């Protein structure tokens, strides 16, 4: 099953990934923060392993099959997370253990934003930048990037693209050629990142912070270069910019593409998923602000609105930036917020969670069942934006939903079994499965205090969430490995 | 190039595949979503589900910036409507449609921009009929394609042991036929291409592509294999569109045609349409019927039904029963390859035969004809050279000076009315039609560029 064609592509991808070690290497060299050696060794290790695979299997090009797509994507994310640990392991500061480095690397790539690091402000700038960059690469999907820049992935690219891109309907291509589709997505992603960085910078951040936070905002990641996250800047303008870009990044990138091409904003308002997403956000924001106002959590009404909206958007889009921390918010708010992260953003965005469209479909399907009970012989079609949704898509959503719940329960039990209290266990699994980041209880600030076994389970949980369960679970079925 | 292909049938799907391999942006539209499913995984195209002639569907398929619409649905009317809509709404520069019905085809004047705007009409049935006809007229040829308004022909023949040229160098061809100029374009030996020169020795079993003026092609062929006069007794099976057309053409050319059709109603219809042909109602796989109808005296047997397996089997049976040459129409490309060195002498692939016509219009440069050879691996093209020495990379240069990619050669030139067989010192002039043979299709891009005029030349 580990056919040479798969290993060859893995080699190519690793070589591509190795080049991403160069920017932090330059930063390290320029600021002489002592991590240059670590990045150099990491670069060298990645490029040599990748190059070796590539050269070894260079003649084994063949078209990728559907199965290869799953295998490559899972293999690559795993291998990437492992190679991504190298700088964190080798750098004298923070000098992480292997488990911690793996957790941090996976959390970065899957845009979860959960961290085991404390004292970020004292870390070398290159390491800080590297963490932000990991998130950025993981956001749109590094394999989608590979499909965009390497024409050799041409035909099989569709398999890879589908295994990595989130959402229930992955068959729609933006352009006839898969490389063009991937390129379009990355251009939009790049455009958003640049505008976000410029906006942050204009609002008063340093260039380093602006770029770093733009990476993690647009990727909906949540890593920050400061312990206090966005709260560090204590700047309402920064919070507003962050809110806007988190919301924009949580919208389907295919929709951005249509808007850019047709040059009309109206496309957003016609999209069922975006409408549902915005209404849902507005509803939770209003609830949060009302409760915060009743409990008089914040001294002024301006602060209540600002913090309420920021925190809801940050958690709702599964970013996980914090200003004041929501875990000590009054009443049911902490639980509401952590649960709402399961909804996440829209399909085809960089957000985590189950994606809004699935909930819209589940809701409509539920409504259909009720309608069917009232009119037993009626033919009711589930429609999204006036287009009927094929039954197999709805079935897939149900399958996804049940597997999601099953994974959630199973993983929560597993985490509890490692000796963690219930609140921490359930919220940590929620936060990791939805690629959110901060949880409740012991993991409200960071994950440093958990034991290694818990961290390993959560590392796997993050990958499960990022690859939307199916892709990873496919590999665990015996049928996949039977030739 | 941005291309919309309408209709995911045999022709549509294979066109989409070939065009996307040539780095075009292809969108395939069909009304049957089942035909589309899975295609996106296999080939790098976008699929759109919907009725091909609806404006909204065409728009979703990228009608606004499409360079070419290729309408090959099953219905002539849908194809015409789709072209009309693409023309009126999106001003698509080039519209190609398949029109089958002879009724429409007999009034070519309706296909103008002011009436039904179709730039090029393709009729795969017509192309295949022509293809089979050539093969019947040239026994021994594996493939015959025409260039320069039929004045130049390229044929591929399998050299056999008792042909005069076996074991001799190609130079000998000139000694044997001093008055005839011809050019051996390529030799395939055990499926490997050899670019021949004068010292190449021909071996038995070689597949030789040779280019010559039409009136000479028979003499040249006879150097390579034992050529018999084309036999007069032809048997066809399957009186579908192709079968009927072929029978009509063969009648005109005074062949004796027997045509077998298993559908009684169709057989009756065809018998009314044909004059001298014998229409038989029955099964081509019926041994008794075949023996009764003197299959052992048949010079060429062609099975032309819609069913690949039936075609192959009946051709094999005919061969076993004594038919001299057997041909079968085979759609599946996997089968076409299987048929090499089998009882079936020639497997005719409609898709390879048709694709050339389309590629002519997709390629850059001023292409007159494109013919796909050897199941699409090689190609022969006729292209016009424009410009002068400065704006063009070929004009006013001798062939040895042209920077041709490996595996490509200029075989002949049509200058005005004259056919010139190309040699290394032949100089190409502006407006010459160059006929090129390309062994490796991936080199086509280079050739396109070679023949494109520099932008400054207007």
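The values are calculated or read from the model by the stated rules, or taken from the named source; none is laboratory data. Only a predicted model underlies this, so the values are computations on that prediction, with no experimental measurement involved. Note that we place each Cβ from the backbone using ideal geometry, even for glycine, and neighbour counts take in every protein chain shown.
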task = For residue B:72, indicate whether it is more than 26 Å from residue A:262 (Cβ to Cβ), more than 9 Å from chain A (Cβ to nearest Cβ) and surrounded by 16 or more Cβ atoms within 10 Å (Cβ to Cβ).
result = yes
remark   = Over region B:22-39, the set of residues more than 9 Å from chain A (Cβ to nearest Cβ) and either farther than 16 Å from residue B:70 by Cα or modelled with pLDDT under 80 (or both) is B:22, B:32, B:34, B:35, B:36, B:38, B:39
ask   = Just a yes or no: is a residue in region B:40-54 away from chain A (no Cβ under 14 Å) and either closer than 13 Å to residue B:9 by Cα or exposed (fewer than 15 other Cβ atoms within 10 Å of the Cβ) (or both)?
value = yes
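Results for (1) exposed (fewer than 15 other Cβ atoms within 10 Å of the Cβ); (2) in contact with a strand residue (DSSP E or B) (Cβ under 6 Å, 6 or more places away or on another chain), shown as yes or no for each residue.
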| position | (1), (2) |
| --- | --- |
| B:377 | no, no |
| B:383 | no, yes |
| B:386 | no, no |
| B:424 | yes, no |
| B:432 | no, yes |
| B:443 | no, yes |
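Residue by residue, here is whether (1) touching a strand residue (DSSP E or B) at 6+ places or on another chain (Cβ under 9 Å); (2) exposed (fewer than 15 other Cβ atoms within 10 Å of the Cβ); (3) in a helix (DSSP H, G or I) holds:
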residue	(1), (2), (3)
A:402	no, yes, yes
A:407	no, no, yes
A:410	no, yes, yes
A:416	no, no, yes
A:419	no, yes, no
A:423	no, no, yes
A:426	no, no, yes
A:436	no, no, no
Region A:53-70 - residue that is modelled with pLDDT under 85 and part of a helix (DSSP H, G or I) and, of those, nearest to the other protein chains (Cβ to nearest Cβ) = A:66
ask   = Here are some residues: A:286, A:272, A:317, A:304. Which one is touching a strand residue (DSSP E or B) at 6+ places or on another chain (Cβ under 7 Å) and at pLDDT 85 or above?
value = A:272
key: Wholly within region B:269-364, helices (runs of 4 or more DSSP H) carrying at least 3 residues that are within 24 Å of residue B:138 (Cβ to Cβ) and modelled with pLDDT under 90   = B:333-338, B:350-362
ask   = Out of region B:170-201, which residues are touching a helix residue (DSSP H, G or I) at 6+ places or on another chain (Cβ under 7 Å) and buried (at least 21 other Cβ atoms within 10 Å of the Cβ)?
value = B:173, B:182
key: Leading residue by the ranking (farthest from the chain's Cα centre (by Cα)) among those in region A:329-349 that are outside any loop (DSSP other than H, G, I, E, B) and farther than 16 Å from residue A:222 by Cα   = A:333
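Yes or no, residue by residue, for (1) crowded, with 19+ Cβ neighbours inside 10 Å; (2) in contact (Cβ under 8 Å) with a residue 60 or more places away in the chain; (3) within 14 Å of chain A (Cβ to nearest Cβ):
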| position | (1), (2), (3) |
| --- | --- |
| B:61 | yes, no, yes |
| B:67 | no, yes, yes |
| B:85 | yes, no, no |
| B:109 | no, no, no |
| B:122 | yes, yes, no |
| B:131 | yes, yes, no |
| B:146 | no, yes, no |
| B:151 | no, yes, no |
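Which of the residues belonging to region A:154-189 are under 20 Å from residue A:110 (Cβ atoms) and at pLDDT 70 or above?
A:160, A:161, A:162, A:163, A:164, A:165, A:182, A:185, A:186, A:189
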task = Hey, can you tell me all the residues within region A:94-116 that are surrounded by fewer than 20 Cβ atoms within 10 Å (Cβ to Cβ) and touching a residue at least 60 places away in the same chain (Cβ under 8 Å)?
result = A:97, A:99
request  = Report yes if residue A:179 is more than 19 Å from residue A:135 (Cα to Cα) and within 14 Å of another protein chain (Cβ to nearest Cβ), otherwise no.
outcome  = yes
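With more than 26 Å from residue B:188 (Cα to Cα) and touching a residue at least 12 places away in the same chain (Cβ under 8 Å) as the only criterion, which of B:415, B:374 stands out? Quick ask: steps written out before the conclusion?
Working: B:374 fails: more than 26 Å from residue B:188 (Cα to Cα).
Unique residue meeting the criteria: B:415.
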inquiry  = Quick test of your reading of the structure: residue A:455 fulfils all but one of (1) buried (at least 21 other Cβ atoms within 10 Å of the Cβ); (2) within 11 Å of residue A:411 (Cα to Cα). Name the failing condition by number.
reply    = (2)
